[in-house]
Each structure stands twice: as structure tokens, then as C-alpha cells.
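All remarks here apply to the structure that follows.
The values are calculated or read from the model by the stated rules, or taken from the named source; none is laboratory data. In this text, all values refer to a predicted model and were calculated from it rather than measured experimentally. For neighbour counting, all protein chains shown are included, and Cβ atoms are generated from backbone atoms with ideal geometry for every residue, glycine included.
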Amino acid sequence: MKPNFSRLLLALFFILALFPLADRAFAYIGPGAGFAVLSSFFMLFVAFFLAIVNLISWPLRYLWKRARGKNAYKNAKVKRVIILGLDGLDPELTGGFMSQGELPNFKRLREQGHFAPLATTFPSISPVAWSSFQTGTNPGKHNIFDFLTPHWKSYLPELSSALIGNVARVIHFGKYEIPVGKPALKLLRRSVAFWNILADKGIFANILRVPITFPPEKSKALLLSAMCVPDIRGTQGSFTFYSTNQQRGQHTGGTQISVEKKNGAFCSYLPGPPNPMTKAHDQIRLSFKVSRNGKPGQAVLEIDRQKHPLELGKYTDWVKVTFRTGAGGKITGLCRFLLKQLEPEFEMYVTPINIDPEKPALPISTPAYYSTYLAKKMGPFATLGLAEDTWALNERVIDEKDFLQQTWDIHAERERMFFDAIENLDQGLLAIVFDATDRIQHTFIRYLHEDHPANRDREKVLYKDEIRNLYKKCDDLVGRTLEKMGDDTVLMVMSDHGFKPFKRGVNLNRWLYDNGYLVLQKDGNGGEWFEGVEWSQTKAYALGLAGIFINRKGREGKGIVAPEEAVRLKNEIAEKLETLRDPERAENAINKVYDSATVMNGPYVKNAPDLIVGYKPGYRASWASVTGTVMEDLFTDNTKAWGGDHCMDPKTVPGIFFCNKKIREGDLTIMDIAPTVLDLFGQKIPSYMDGKVMAMSIDEK
Amino acid sequence: MATAKIKLDKDLVEKAKKYAEVAGYASVEEFISHTLESAIMQLEEAGDAEELKEKLKGLGYIA
Amino acid sequence: MVAVANIINNILNGLFSFLDYLSVGAGLFVSSAVTGLVMLIIFRYTSNQKKIKAAKDKVKAYILEIRLYKDSPRIILRALGKILRFNAIYMRYAFLPVIFLFVPVVLILVNLNFRYNYRGIESGASFIVSAALVDQALLDKVSIRVPAGVTVETPPLRIAQRNEIDWRLRATGSGASTITLVCQDREEQKILLVGDRLQKIAPQKASPGFLSVLLNPAEKPLSPGSPFQSIQIKYPHRHNRILGISIHWLVAFFILSLIFAFALKGPLKVEI
């Protein structure tokens, strides 16, 4: 169409000339073009109006700030700081690949600046470590100790970082229930993120996908939320799997739905969010149809009045799906479809339905329209906190190839966002976190360890180089960042923790039961989420990845342990656990058990697990232990694809820290970054921060 | 989160400010909020168990 | 060709006949709704919807960028440049379908024009009938014959430069009648409408070409080989009041059809 455009225009004028009617009628050009003119005019008007207002007021605002002595950057030692977070990048692996000459850009950074391990938090889990990164404080001051935190009354787990409540008031109308106002949303991380200190002082801060930023706080920074942003169903990410084969059964982390074959087409539905407008909050469903189109390995998906081509083994692009709540309400989401099999059985995988960043059902950025801006500028992108679907891989719903594809696609989206943000960084801070490093190490580290139980009956060769590739890709990303970032920029490349294999699971609840600290109502009967636990006789329990809680009087709903006894009990349990032997491997499973009262300080320590269990590398809390299941073997092989982890002795899994500036001395911890960045921008370090300013050599300006 | 204002005794606020810093809070607001939340929690009912479980489904780190 | 034009006219007449039963307001309401719908559908299938959406998204993104980066003149100016660029791209994609929209829109407008633009001659008022001839020499050979209830008020006025001859007439009563113009042995009949009834009014009897037939559907064209080029009656314009507001029908139609198109673009998933 392109080259003919001017000819078509000519033709248009020719046709116009053929209509010699003098009447005004023919000034009219129809709703299509009429609209085009109007909306184009409108858009230009808005654009120019905004631009002119901003441009005219800019010198005034600038002078005003000057006059009030408020030059935010007056004491800044650098123009720009870029923090490139690579979740879970391991110092040992990095060092190893570097010495093999694989990572030239990391090497360059080490030579020109600094490379050191970065001590992580107690416990060494992403939400905890990134919260310490944000606030410069130990977990006792930011209140995040794990993904989960027990609800003290019910002993059931809650998401530790975000409260997603119901709307306060509803209007009843027949079977409908119209919510008034917005649902209560609250970030439970306490203390203050250092970028808010910067932004309040007028220093530009752009924060992309740093974990534990959902819901987004009120802030003058530009921020896109990450870890713990839910999917559209309100879960932390649940996939949907379709099969005509009823045998495949149920899955953790997802739903399997059966498919009917009607007139040669496969019909089913996509489960959406619970309907906020009906009293029963019944699930909204979107029906779809997959029909063969005659070509081998291909089909057509019809959903939400759109058609999308499907090809065996290939993901669709992001598909926008709209769930209608009735009464004109809409909730839009994004998901990708992957046709796994057409013959003999039909099988299809659908990613968790992400909140649509263009029209987010819940706020996922500050300002709220920042995510809209990103979506309109770059196209749709994954918004789910834990966007890469590790559970689908664990459950063998997708294979390694599918998982890698999904993970690298999300990574590519984020890279585009990152480089665009660098382009827009005149001065100030840009911090971003990439997750592919964490997800791929969790799921591929088994390839580096021949004896890993997850390798049993599994392919062991095909993806042997995936970890190496991952580090090389990170190195390439660092290289491009160095190239793009411009002068007078401090670049920090860092991770929140390292990685070790997770070969054997330890069920702490079983151990507590065996040792009489946890009592069951009926012996041998202790299911998920502490089903069957007799709380009135239980002294300690384990929930989540971090460690053990003492069933304290005054804290837990049915707490029985008095404060003085708790101290003694902690010591006793710690002592016993430190000698716990894995009979099969003939080794100790635990390096050290840490008393949180000694490794943390601050007003929230009493919410922390009382004991943080520092597993020896290779060991971790077993899958069942994490969810409060008692009746399982004390030791189990971890045979899931998720064969790498870092919820171990924090001293064994530090993160990495690279900087393009020299750092003179000292051991570094993840808490040091916040005060260091504040210092680079010439700001006072608040007294509550636990981190220290790094002794960085900045060329004097 | 929307915010609302509340009137407190000035002396109390001054005292709270001092102890907020001692305790390691980032601000006096955080101190007061936390103190109130702790008090409220003692009075609260247990949440809906099923709803809690549903929300946790699919959180990558847990089974 | 004229036959084709007549067929099209008949079809359109049929399609628009429902307007005979509606007031001006209701007629415009319904016809602009239908027009909005038809145009939207044509637009949807003749435009590159994806490219239009992409261009619009970019423009919106850069508008938001101006808001987000209000402290950086560099970024604001760059965003403005991008807005201009993507707006031009957008206009380009939005205007292509106009070529396809043009013909149906003109035909619809022509039909509405004859209904809503003119009013019949007021009973007792004078009006002008003017005829243009193919040849100046024929000007002296033209005469007029009027039906009962119509009187010729003045002798004919001849304007030689334009081959034109005019009469001033006065009509009484109401309804349709026929004025006959005679030139040598040829006669042409022009319909005269008196009274305020809403109906199709043709101010002009045009030559029998394809386009002029298509554009003058309210009255049959002149016979082939006619010494007349056109015959016109200067009807007064109709002043329409819609919902109590005095408004030109075209303006009302324009606004209404835009509103309808706007309302329908969501449900029909059309990107404009």
C-alpha cells in the first residue's frame, strides 16, 4: 500500500473534482476520516499544550528551586547511578566462568572497578534481601522475613509483603454487588525505600521491577512493581493446562481443565478472576475454540472475538483477554497460549493471566499511568511478580525448551525497557532487576551436578550449558549497559544472593514432631497447613523457607511458650539441629541455626521466625515442610526440576557486587547499597540504616 | 493507601519521635502505625482459611 | 450508464423511504446512526487496524512521556518530534479508507440534502424559475406554461452571457404541480412543490448524464437531446430545529454520526 499512497491521494482529489456540487455537504468526509482529523487534532493539541506548559514553566521551576536553595543535585558526586540487579547471580559461578575467559565485560568491571561477594540477609531469600536493598536496613526493621508469614491467629500463611483486601463497602442490587471504592491494598514492607528519599529531595529515580514493590507506594519516583504482583485471578501465578486426556490429573501451581471435542474443534474455557460484581464472586469464564486449519501442526484459536494462529510448540504473542463483570465492567489480562499436542490427545498450556499493564486492574506502578506509558510505548509485557512459570516446568506441563523460551522472552521485554530508561536518564538513579538469572538457576543448576536426584530418569545433557549461557548473556547485557550509559555514571551490578544445588529436603515439622516439640491430635495424621496439629501442646512449628517459629504465648493464637522458656527452647532446638545427620549421605544437613534475636535488630524482630535454619549447601526445607505438612520422611530427595536454591546458610550463598568504580576496602553487604547511593547524590544517611557507605573512589569533579 | 489525620498530644508525639529513632523505625508515623496495628491484631478475628490458601497457590517458592 | 444511475437511485430511494414517516430530528437521528455504523464497518475492513492502533499508541505514549519527564526539556522536545511523526503516520493510515468511504457518503448526503435542505414554496410567495439553454439563439424561443394556482408575475428576463432565462412566479394553494417549459417543439416539465410538508425536493432538473442523475435523484433528468441544460426553482432553505435548537441539518448529521460512530467503535472493536 505504501508506495501507492500519493497516487491514491491524487485519485481522491480527482474523484472530488468530479463532484461539481457547490453544496457545503461535501466538506463532510465521513465518520472515519472525520474522527481521524478530530482525534489527531485532539492528540496534537494535548501534546503541544502539555509540552508548552512544561517547557515554559521549566526555567521558572528551575529558577524557583534555585532561589529556594533547592538544587537537588548540588552536593551530588555523580550525575547518574545505574543499579543492574541480576537476581541470584552467584559469585562462585561468576568467578569460575570469568577465569575461563567467558565473561569479558564482568572482567573489565573487575579490573577497572571492583568485584566482591555481597553478603545477603538472614534468611537468604529474595523478598528479604531485596527489602534490605531498598531500605538499607536488616530484616528486623523492614518486616519481611520470607515469602510467607503466619497469620498468628490461624497459623495459616499469608503473603508477607502485600495485603490485598476486599473493598470496604458494597451496594447490593439483586444478585449483583457493586463495590464502592477500591480494594484495600497495602505494602507490608516497612521502613523507607531509599529512592523515595531521593525523589522527595527532587532527585530523579526510575525503579523497574525491584522485588517487593507491590502495591506501589505513593512516591515521586517512576516505579514499576515486581515480585508479588498477582495474576488476574489474584494468585501468585497459576497456569492453565488443557487436555483431552483425563489421566494427567491435578497440578500444583495451576489448573487442569478437560477439553471437549465438538465437530472436530476443541472447546473449553479460560478461567478468569472472581466476579467482583456478584455476591457469590463466581469465576468469570471466557470460552474458546481451537480448530484445525488443515495444515499439519497448526490450528486456530478463537477467543474473545479474536482469532489467533497456533503452531505446535510455539507460543502465541501476548493475547489480550477481556473478562466482563456485567454492568459494563471489564477486567483485561494478558496471556500466551502454547499448543503442545494435537494428536492423539489435544494438549495446550496457557501462562498465568498477567494484569494488563495498559489498563491495570490493580495499580502496578507509580504514577499509575506509568505502566500504561510503558505498554503503549513498548507493547505488552509480563507484569506478574514471579512471571516465569517455574511450576509448569516442575509439573512437566511444559518442557525445558518452552520454559527457556518464556523466560528469555520476558527478559527481552525487560531489556528493552531498561535501555529505553537509560536513554531517558539525564541525571539521577535507575535501578532494575532481571529475574531470568534466578529462575534459570533454580531450574537448570541440576545439570551442573551429576548426582542431583532430579537428574534421575531425566535428560541430563541437552541443557548442560544453559547456566554458562545464562552468565554469558548477563555479561553481554553488562557490556551493552557500559556502552550506553554515558560518562559520569556509577554502575553497580549486583545480586541478592547466590545459588547452590538443592538435592535433599529436610522436613523440619517432622523433626519437631519426632522430637516432641510439635504434637498431633492423632499420631501420624499431620497434613498440609498444619492440619491435625494440636496447638495447645505444640512448642514450635516451621512455616515457609526460613526457619522455625516458637509457639509463643501472647503472639500465636494458641501460644503456650512463655518468653523465658522461649530462650531456653531456642538454644535447645538449635543445638540438636546442628547435629542433625542425613543417614543416606552420611553428612550433617545443617551448618548453623541462627537465633533471629541475635542476627537481627529492630521493632519487627518479634514477627520473624525465631530460628533461622542455615542449611548446608545441598539441603533445604522440603517442599512439604514449607507448607506445614508434618507427616513426611525427615529427609527426601528433591526430584523436581527446581533443583537449585539459596534458602540455606546465608554465609554460603552471598550475592555478587561489581562496580565500575574502585572500592577501597571492607566487606560489603546488600544493606550498604542504599546508603552508598544516598551518599553519591550528596544526601544525609538516616540513622536507622544499618548499611555503611562504601568507600568508593569517585574522580573529583 | 489513602491517609487520614488524627490529633495527638504534642508531648506524646515528641516522645514518640525520640523512641521511634531508638527503636529503629524510619519515621514516627511508622512507629505509631505499628503500635496500633499490634494492638488491633490482638483483637482481630482469624481470616478465611480457604481464601488465604487460594491466594498462595502458585507462589513459586511453595508447594 | 444513466440506467445504472437510475437503478442506484431507485435502490437508495427505497432505502431512504423510511424517512418519509419521520420528522427531521428522528430522520437525522436514524440516518446518522446507520451511516455511523456503515462507515465504521467500511473503515474497519479498508484500513490497517493494527497499524492505526500502533501509531495511536505511540502518540499516546509520548504524550504521557511529556508528563512523566516534565523536568527534562530534552525529552519533551524529543517526545514532541515523535508525536508529530507518529501522528503523520496515523493520519496516513486513517485517510486511506476515506477513498472507500467517499462514494457511499456522497450518495447518502445527496439523498439527505434533498429532504432536509429545502422547503416547498410558501403559499402566496413569489419565487424564481430559471432555465439554462444549450444555445444562446434559443433564448427567444422559450415560453412557460403554468398550472392553475400559479401566476407568472413578470415577463422573462434573459441573461445572454449565461444562456439563462428567468421568470418570477407566484404560487397559491399547496401540493405538487408541474411547470412546463417549451422551446420550439420540445417540452420539459419541472415539478413545483408548494407548502411546508417534509418531502424530497429537487431544486434542479439536470442533464441526463450518469453523475448528474446520480447526484439529483429527486427528479427525473431532462430528456436526451433537450435544448435545456437545466431548469431550476429557487426553493428557500429549510430551517430545522432539532430538540429546540436551530441547527443546519448537515451539522447535526455530522455531530450525530460522529457520536454514533464513537459509541459503536468499542462494541465493534474498530480502531479509528
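Points worth noting:
To keep it simple, each residue is scored yes or no on (1) out of contact with any Leu (no Cβ under 9 Å at 6 or more places or on another chain); (2) in a helix (DSSP H, G or I).
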| position | (1), (2) |
| --- | --- |
| C:106 | no, yes |
| C:109 | no, yes |
| C:123 | yes, no |
| C:127 | no, no |
| C:132 | yes, no |
| C:140 | yes, yes |
| C:143 | no, no |
| C:147 | no, no |
| C:155 | yes, no |
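- Residue match in segment A:620-632 (condition: crowded, with 19+ Cβ neighbours inside 10 Å, farther than 29 Å from residue A:108 by Cβ and among the acidic types (Asp, Glu)): no
- The set of residues in segment C:87-107 being surrounded by fewer than 21 Cβ atoms within 10 Å (Cβ to Cβ) and more than 7 Å from every other protein chain (Cβ to nearest Cβ) consists of C:88, C:89, C:100, C:103, C:104, C:107.
- Residue match in segment A:346-369 (condition: buried (at least 17 other Cβ atoms within 10 Å of the Cβ), over 25 Å from the mean Cα position of the chain (by Cα) and assigned to a strand (DSSP E or B)): yes
- Selection from segment A:386-429 of residues that are among the small types (Gly, Ala, Ser), within 14 Å of chain B (Cβ to nearest Cβ) and out of contact with any strand residue (DSSP E or B) (no Cβ under 6 Å at 6 or more places or on another chain): A:387
- Looking across segment A:522-572, just one residue is touching a residue at least 40 places away in the same chain (Cβ under 8 Å), surrounded by fewer than 15 Cβ atoms within 10 Å (Cβ to Cβ) and over 23 Å from residue A:633 (Cβ atoms), and that is A:557.
- Across segment A:188-238, the number of residues qualifying as among the small types (Gly, Ala, Ser), more than 11 Å from chain B (Cβ to nearest Cβ) and assigned to a loop (DSSP other than H, G, I, E, B) comes to 5.
- Within segment A:325-338, the set of residues being surrounded by fewer than 17 Cβ atoms within 10 Å (Cβ to Cβ) and over 14 Å from residue A:356 (Cβ atoms) comprises A:326, A:327, A:328, A:329.
- Qualifying residue in segment C:12-35 (condition: within 11 Å of chain A (Cβ to nearest Cβ) and polar (S, T, N, Q)): yes
Per-residue answers, yes or no, for (1) assigned by TED's automatic domain parsing to the domain that holds residue A:478; (2) assigned to a helix (DSSP H, G or I):
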| position | (1), (2) |
| --- | --- |
| A:591 | no, no |
| A:597 | no, yes |
| A:603 | no, no |
| A:612 | no, no |
| A:640 | no, no |
| A:647 | no, no |
| A:674 | yes, yes |
| A:689 | yes, no |
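- Scan of segment A:601-629 for residues that are among the aliphatic types (A, V, I, L, M) and within 14 Å of another protein chain (Cβ to nearest Cβ), ordered by number: A:605, A:608, A:621, A:624, A:626
- Boolean, residue C:272 is within 28 Å of residue C:101 (Cα to Cα), β-branched (Val, Ile, Thr) and out of contact with any Gly (no Cβ under 9 Å at 6 or more places or on another chain): no
- Residue that is surrounded by the fewest Cβ atoms within 10 Å (Cβ to Cβ) [pool: residues in segment A:419-465 that are in a loop (DSSP other than H, G, I, E, B) and of a type in the set (A, V, I, L, M, F, W, C)]: A:461
- Residue check for residue A:586: at negative phi and not acidic (Asp, Glu): no
- Boolean, residue B:61 is within 12 Å of chain A (Cβ to nearest Cβ), modelled with pLDDT of 95 or more and under 28 Å from residue A:545 (Cβ atoms): no
Residues checked against (1) within 29 Å of residue A:340 (Cβ to Cβ); (2) among the aromatic types (Phe, Trp, Tyr); (3) at pLDDT below 90:
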{"position": "A:208", "(1), (2), (3)": "no, no, no"}
{"position": "A:211", "(1), (2), (3)": "no, no, no"}
{"position": "A:242", "(1), (2), (3)": "yes, yes, no"}
{"position": "A:248", "(1), (2), (3)": "yes, no, yes"}
{"position": "A:264", "(1), (2), (3)": "yes, no, yes"}
{"position": "A:267", "(1), (2), (3)": "yes, no, no"}
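- Note on segment C:27-85: residues that are buried (at least 19 other Cβ atoms within 10 Å of the Cβ), of a type in the set (Ser, Thr, Tyr) and within 39 Å of the chain's Cα centre (by Cα) total 4.
- Residue ID - farthest from residue A:680 (Cα to Cα), chosen from residues in segment A:468-521 that are touching a residue at least 60 places away in the same chain (Cβ under 8 Å), of a type in the set (Asp, Glu) and in a helix (DSSP H, G or I): A:514
- Among the candidates C:231, C:201, residue that is in contact (Cβ under 8 Å) with a residue 40 or more places away in the chain, crowded, with 19+ Cβ neighbours inside 10 Å and either over 25 Å from residue C:2 (Cβ atoms) or touching a helix residue (DSSP H, G or I) at 6+ places or on another chain (Cβ under 9 Å) (or both): C:201
- Top-ranked residue in segment C:111-121 [being more than 9 Å from every other protein chain (Cβ to nearest Cβ) and in a loop (DSSP other than H, G, I, E, B); ranked as nearest to residue C:257 (Cα to Cα)]: C:119
- Filter result for residue A:133 (out of contact with any Pro (no Cβ under 8 Å at 6 or more places or on another chain) and free of Cβ contacts under 8 Å to residues at least 40 places away in the same chain): no
- Filtered by the rule that a residue be in contact with a strand residue (DSSP E or B) (Cβ under 9 Å, 6 or more places away or on another chain) and either at positive phi or modelled with pLDDT of 85 or more (or both), segment A:159-188 gives A:159, A:160, A:161, A:162, A:181, A:185, A:186, A:187, A:188.
- Checking the stated criteria, residue C:271 turns out to be among the acidic types (Asp, Glu), assigned to a loop (DSSP other than H, G, I, E, B) and within 14 Å of another protein chain (Cβ to nearest Cβ).
- Selection from segment A:267-302 of residues that are farther than 30 Å from residue A:327 by Cα and either within 32 Å of the chain's Cα centre (by Cα) or in a strand (DSSP E or B) (or both): A:291, A:292, A:298, A:299, A:300
- Test: residue A:337 is away from chain C (no Cβ under 14 Å), of a type in the set (Phe, Trp, Tyr) and over 28 Å from the mean Cα position of the chain (by Cα): no
- With respect to the conditions (1) in contact (Cβ under 8 Å) with a residue 60 or more places away in the chain; (2) buried (at least 17 other Cβ atoms within 10 Å of the Cβ); (3) under 30 Å from residue C:13 (Cβ atoms); (4) not aromatic (Phe, Trp, Tyr), residue C:163 lacks only one, and its number is (3).
- Check on residue A:596, under 30 Å from residue A:451 (Cα atoms) and in contact (Cβ under 8 Å) with a residue 40 or more places away in the chain: no
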